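Visitor: Pasting a structure here, questions to come.
The values are calculated or read from the model by the stated rules, or taken from the named source; none is laboratory data. Keep in mind the model is a prediction, meaning the values are calculated, not measured. Cβ placement follows ideal geometry from the backbone for every residue including glycine, while neighbour counts extend to all protein chains displayed.
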């Protein structure tokens, strides 16, 4: 899993639809955007062997949201330890994004600050101790970093809207598009789910990936599984809770 956008898309470009709650339903709604959220996933080899874990969280505040994704996985002789963080206002327009990636001996750290007044995203990079410098890119007025986009898309789909193709920020800018692919029943970690399947496409300056995401039909449409095709087979993330 050497391509960072491929791996990141696999982890975080899972997009869900919020269920509709009728007037007679009185039970409390949990999960984003109703409450803070914390989810745990296994990272699985095509054979089903677990390679590690992933964790996603969303924490609200009066000014907006803080999102985080961590991945701790690997095979003998090669480990992957990544942390991604994003902040956004109540409108889910991104403010900051950071990524700390450790892939074997290679380490990368980047911070991105988004200035809506000037429609720019400023990236500060550091690669294995060598300063990568600072770069700027023009972005739309309300752009989403790759992590915040997950939660933005959940909100949009919950209101009956499929987000249109758009740019997201992951250091550089990438194009993302979503397509609803129908209902599918899955068994994940010994639990059976009726899910909605979404096909995600992500394209960058030098890479392109298509993968599948599956979402429970609970009120928060919790991401249940993500499957990414690679030359050696399909890697997957599967919900533990």
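Visitor: For the range 180-190, does any single residue satisfy the condition of being within 30 Å of residue 107 (Cα to Cα), surrounded by 15 or more Cβ atoms within 10 Å (Cβ to Cβ) and touching a strand residue (DSSP E or B) at 6+ places or on another chain (Cβ under 9 Å)?
Guide: no
Visitor: May I ask you to say which residue of 241, 221 is surrounded by 15 or more Cβ atoms within 10 Å (Cβ to Cβ), at positive phi and in contact with a strand residue (DSSP E or B) (Cβ under 7 Å, 6 or more places away or on another chain)?
Guide: Exactly one residue qualifies, and that residue is 221.
Visitor: Is one or more of the residues making up the range 48-69 surrounded by fewer than 16 Cβ atoms within 10 Å (Cβ to Cβ), closer than 20 Å to residue 191 by Cα, under 19 Å from the mean Cα position of the chain (by Cα) and at pLDDT 90 or above?
Guide: There is at least one residue in the range 48-69 that is surrounded by fewer than 16 Cβ atoms within 10 Å (Cβ to Cβ), closer than 20 Å to residue 191 by Cα, under 19 Å from the mean Cα position of the chain (by Cα) and at pLDDT 90 or above.
Visitor: Looking only at the range 189-214, which residues are part of a strand (DSSP E or B) and in contact with a helix residue (DSSP H, G or I) (Cβ under 8 Å, 6 or more places away or on another chain)?
Guide: Answer for the range 189-214, where residues must be part of a strand (DSSP E or B) and in contact with a helix residue (DSSP H, G or I) (Cβ under 8 Å, 6 or more places away or on another chain): 200, 202, 209, 211.
Visitor: Something else: Give the number of residues within the range 160-188 that are at pLDDT below 90 and outside any strand (DSSP E or B).
Guide: The number of residues fulfilling the criteria is 5.
Visitor: Considering each residue of the range 101-123, count those that are free of Cβ contacts under 8 Å to residues at least 12 places away in the same chain and not in a loop (DSSP other than H, G, I, E, B), and give that number.
Guide: 1
Visitor: Follow-up question, since we're still on this one. Any residue at all in the range 134-153 that's under 23 Å from residue 39 (Cα atoms), part of a strand (DSSP E or B), within 15 Å of the chain's Cα centre (by Cα) and modelled with pLDDT of 85 or more?
Guide: yes
Visitor: Going through the range 72-100 one residue at a time, which ones are modelled with pLDDT under 90 and either more than 24 Å from residue 48 (Cα to Cα) or assigned to a loop (DSSP other than H, G, I, E, B) (or both)?
Guide: Once the filter is applied, which keeps residues that are modelled with pLDDT under 90 and either more than 24 Å from residue 48 (Cα to Cα) or assigned to a loop (DSSP other than H, G, I, E, B) (or both), the range 72-100 yields 76, 77.
Visitor: Still on this model: Which one is surrounded by the fewest Cβ atoms within 10 Å (Cβ to Cβ) among residues in the range 34-45 that are touching a strand residue (DSSP E or B) at 6+ places or on another chain (Cβ under 7 Å), more than 21 Å from residue 104 (Cα to Cα) and in contact (Cβ under 8 Å) with a residue 60 or more places away in the chain?
Guide: Filtering first and then ranking leaves 40.
Visitor: Report, by residue number, each residue of the range 154-196 that is without any contact (Cβ under 8 Å) to a residue 12 or more places away in the chain and under 16 Å from the mean Cα position of the chain (by Cα).
Guide: The one that is without any contact (Cβ under 8 Å) to a residue 12 or more places away in the chain and under 16 Å from the mean Cα position of the chain (by Cα): 156.
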